[in-house]
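This report refers to the structure that appears directly beneath it.
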Amino acid sequence: MSTEDIANEIWLIRHGQTEWSLSGQHTGVSDIPLTEAGEQAARSLRPVLARTSFDLVLSSPLQRARRTAELAGANDVQIDDDLLEWDYGDYEGMTRVEVRETRPDWTVWTGGAPGGESPEQVSARVDRIIEKYRALDGRIALFAHGHILRALAARWIGQPVALGEHLPLDTASVSVLGHDRGTPTLDRWNCDPR
């Protein structure tokens, strides 16, 4: 299949608010539930998603993503472990400010996390996601996490994951990846559907 023949959209839906997303703590593999506000925001996605049909719906295995999909009314959700959030290793649960007390110039986008994933490892993982789903015809929804979705968007348009630093993504937001005459595009970014 040539890139000119690709006819799909990939919707990126970030999970609703958690206590740690509210406080700015890095939440990788910790299975933190949604807050009440996060559940309400996830429910508010329902009318937007109900107006759209999806050929495939996938979620990270973590409860914050799965619960968002459920409350948003997604059906037939499949789990894809590649949609897990960036593994922050030793920085899990820490804020960026706390990490920078010992590493003043640190960002996860260029420095990765000791005991966790490097930008190169995350790049390889999101490249697997893109390889699995880019060539499928139709509309695909991915329920996942802030940093992994930002990295995926960067790689979708052929850029290094570090570009994700410039793509803020709010909780319970919707973004759409697509194509323009075969060229991968960011069709919509960080949209508040409410």
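Brief remarks follow.
- The residue that is farthest from Ser53 (Cα to Cα), among those in the range 100-115 that are surrounded by 16 or more Cβ atoms within 10 Å (Cβ to Cβ) and in contact (Cβ under 8 Å) with a residue 24 or more places away in the chain, is Ala113.
- Of all residues in the range 43-61 being surrounded by 12 or more Cβ atoms within 10 Å (Cβ to Cβ) and of a type in the set (A, V, I, L, M), the one that is farthest from Gly138 (Cα to Cα): Leu45
- Test set (1) modelled with pLDDT of 95 or more; (2) within 21 Å of Val161 (Cα to Cα); (3) assigned to a loop (DSSP other than H, G, I, E, B) - Asp105 fails condition number: (1)
- The range 164-183, residues that are in contact (Cβ under 8 Å) with a residue 40 or more places away in the chain and outside any loop (DSSP other than H, G, I, E, B): Gly164, Glu165, Val174, Ser175, Val176, Leu177, Gly178, His179, Thr183
- When residues in the range 116-151 are screened for being buried (at least 16 other Cβ atoms within 10 Å of the Cβ) and assigned to a strand (DSSP E or B), 6 of them pass.
- Gln40 meets the conditions (1) part of a loop (DSSP other than H, G, I, E, B); (2) surrounded by fewer than 17 Cβ atoms within 10 Å (Cβ to Cβ) in every case but one. The failed one is (1).
The values are calculated or read from the model by the stated rules, or taken from the named source; none is laboratory data. Note that the structure is predicted; figures quoted are calculated from it, not measured. Methodologically, a virtual Cβ is constructed for each residue, glycine included, from the backbone with ideal geometry; neighbour enumeration extends over all protein chains shown.
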